[in-house]
1. Taking amide H positions as placed 1.01 Å from N in the peptide plane, with prolines and chain starts having none, which residues 5 or more places from M60, or on another chain, fall under 5 Å of its amide H?
2. Exceeding 19 Å between C-alpha atoms, which entries from my cross-link table qualify? They are K39/K77; K49/K77; K49/K71.
3. How much net charge surrounds K71 when only other residues with a Cβ under 12 Å from its Cβ are counted (Lys, Arg +1; Asp, Glu -1)?
4. Take Y52 and L75, extend 7 Å from each Cα along the Cα→Cβ direction, and tell me the distance between the two endpoints in nm.
5. Arrange the peptides 67-79, 37-49 so that the one whose residues have, on average, the most other Cβ atoms within 10 Å appears first.
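Laboratory data are not the source of any read-out in this text; all were calculated from the coordinates shown. These numbers come from a predicted model, not from an experiment. Cβ sites come from the backbone with ideal geometry, for glycine too, and all protein chains shown count toward neighbours.
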Amino acid sequence: MICNNNLKQSKEFSCLSNIKNTVNLSCTNLSIVPSCGMKVRAKLERRCKSCYFARIDGRMMVLCDSYGRHKQMALVKKAKHYWILSHCTQHKIRPY
């Protein structure tokens, strides 16, 4: 009984391998053009003559028309590091 099940399974897999061989999975067109991502840096620098600075969404960026790998964006610190603490927010017991 166990041998018969193994024989049935092997026949099923052999059918799948035949189907796999007949299907062509190659893709001729690339709809997505590969490009480099943005580098996040604390200090931005131009890397070539075609690099330029731009401010987009309140963040400084270096963009380059010649080389996509030169793209950089400035590091933005979290908002909680910019909180201004007054005397009323530093008490252990809140007055309200």
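1. A74
2. On the way: K39/K77 15 Å; K49/K77 29 Å; K49/K71 13 Å.
Over 19 Å apart, Cα to Cα: K49/K77.
3. Values: positive: K39, R41, R46, R47, R69; negative: D65.
Here the count lands on +4.
4. With each label point 7 Å from Cα toward Cβ, the separation is 2.8 nm.
5. On the way: 67-79: 13.5, 37-49: 10.8.
Highest-to-lowest ranking by the protection proxy: 67-79, 37-49.
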